[in-house]
Amino acid sequence: MRLKHALLPLLMAVSFVSSAGESAPIEAPETDSARAAKYTAALEADPLGDDATAKRRWLLQWLTDTPDFIVTVCDILGPLPKDDAVPNGPELLVQQMFGNVSYQIRNPGKTDTLTLQVAGVESVLRSYSAILAKDQKARIPYFDNLVTEQRKGSLKAHMAPIVASGCAGGDGA
C-alpha cells in the first residue's frame, strides 16, 4: 500500500506535465517559402477561385523580392503568352513559375534546368486540369498533348528538347 501511495504524486506530476504539453501546442510562424508552396498548391487546385488573384499577386511579389530562389522563365508553354485568345493564358503562364519555385522549396539543391522546368509544367497541368473540370471550353490542344505525355510517363523526355531550345543557356539536363 505504501508503494502505491508513494507513486501517486509522481504519476500525477507526469500526467500534468504531459497533458499541459498537449493542450498548448506552440506553432512556429509560417515562413514565406512555406506560404509560397501552400499558395502554389491552392492555385493548382482552384486556379480561378475568389482568392486566386490575391495569391498570384503575393507570389509574384515574393518571387521578385526573395534572394533565396531563382526561377528562369523559358519559352516552353507553346501558345503562351503569344496568343491572347488562349483561355486563362496569363494564369497558366505564372503558374509555371510558381510550380518551379515550389519544387525548389520542397527539393533543396535540385537545380538542373530540365527538372525545374518540368516541375513548373506539371504545376501548370494540374491547374489546367482544374480549369477543365469547370469549363471544357477552356481546352488548349498543346496542353492536352502534354497531359497525354504525362499520363504515359514520358513528359520529361518529351520536354527535354523543348526546354533545351526554349531556355536561354539552359543545360536541358
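We did not get these values from a lab; they are worked out from the coordinates using the rules stated. Given the structure is predicted, the values throughout are model-derived calculations rather than measurements. Cβ sites come from the backbone with ideal geometry, for glycine too, and all protein chains shown count toward neighbours.
Structural remarks
- Here 30, 44, 149 are placed in order of increasing Cβ neighbour count within 10 Å, fewest first, which gives 30, 149, 44.
- Using the average count of surrounding beta-carbon atoms within 10 Å as a protection proxy, the listed peptides 52-58, 65-71 rank, highest first, as 52-58, 65-71.
- Above 21 Å, the calculated P(r) of segment 32-166 contains 37 percent of its Cα-Cα pairs.
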